[in-house]
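The structure appears right after this line, and notes come after that.
The values are calculated or read from the model by the stated rules, or taken from the named source; none is laboratory data. These numbers were taken from a predicted model, which means no experiment stands behind them. Neighbour counts are summed over all protein chains in view; Cβ atoms, including those assigned to glycine, are modelled from backbone coordinates with ideal geometry.
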Amino acid sequence: MTGLEGSITGLAVFMIINSITPGPNNLMLLQGGLKRGFWACRWHMIGICFGVGFMLWLSYWGMAALVVEHPTLMLGIKILGTGYLLWLAYHMAKSDFRTVIEQSLTNKGSEPKGNGKKQRFGELPLSFWQAAVFQWLNPKAWTMTVVAPSLAMLASNIFAAQVGQFKFGLNSWPLLLMSMALNLTCISFWAAGGQTLRQLVHHPKTMRVVHALIVLATLYCAIALWIPSE
């Protein structure tokens, strides 16, 4: 494996691991898929992909270094992200999943607007813009956008050395598109998982357990933001 292939592979593995593992985005998609079905989550998924991609693009041009140099920025992001996750867990705990799913199945998986009700702000699945904006409050997304540019820079430098020139802005586009495609593919599995769990609607005890696990996992995401990594 050449240096370029190794660098690109490293970036791809990093994006896959960070996109497929449990986190705020994936838990919201799991709940959204459970409530409304996979197709209703499409704008939520695209919004996540766009939001992460836009942050990656800005990080390629120096935003990542700015965040690293000013830890107070990340502290503010963690505080806002924790507040949103606690608010989300609270509303998850209040919701009656079985009723919501039964109504959704009755409407053939239609989106909230299909039954005459306007979707509340923050109601899952999120809209495109809500999902995109949430990435700025998602510390896990910030982890990706802070680390990924260094991996992309390494691949771009190797590529530039091979062709005898360096234009990181141009060389980064294939890596950016690859990262976004991997992110979208990975998060779609969580929405599909929620769709699959809808089959449990006629098993109320199991549904309550699944509901409780999603709420607890969301709470853990909020708490884990403050657990030192060392």
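Quick notes on this structure:
- Single residue of segment 177-206 satisfying the filter (of a type in the set (S, T, N, Q) and over 24 Å from residue 49 (Cα atoms)) that is surrounded by the most Cβ atoms within 10 Å (Cβ to Cβ): 206
- Leading residue by the ranking (modelled with the lowest pLDDT) among those in segment 1-20 that are of a type in the set (Val, Ile, Thr) and assigned to a helix (DSSP H, G or I): 8
- The residues listed here are 126, 182, 175; of these, the one that is out of contact with any strand residue (DSSP E or B) (no Cβ under 9 Å at 6 or more places or on another chain), at pLDDT 70 or above and outside any helix (DSSP H, G or I) is 126.
- All helices (runs of 4 or more DSSP H) inside segment 21-123 with 1 or more residues being modelled with pLDDT of 75 or more and crowded, with 16+ Cβ neighbours inside 10 Å: 24-36, 42-60, 63-69, 71-94
- Any hit, segment 150-172, residues being within 30 Å of residue 82 (Cβ to Cβ) and either at pLDDT 80 or above or among the hydroxyl-bearing types (Ser, Thr, Tyr) (or both): yes
- Residue satisfying condition, being more than 30 Å from residue 10 (Cβ to Cβ), modelled with pLDDT of 80 or more and either surrounded by fewer than 19 Cβ atoms within 10 Å (Cβ to Cβ) or touching a strand residue (DSSP E or B) at 6+ places or on another chain (Cβ under 6 Å) (or both), within set 209, 215: 209
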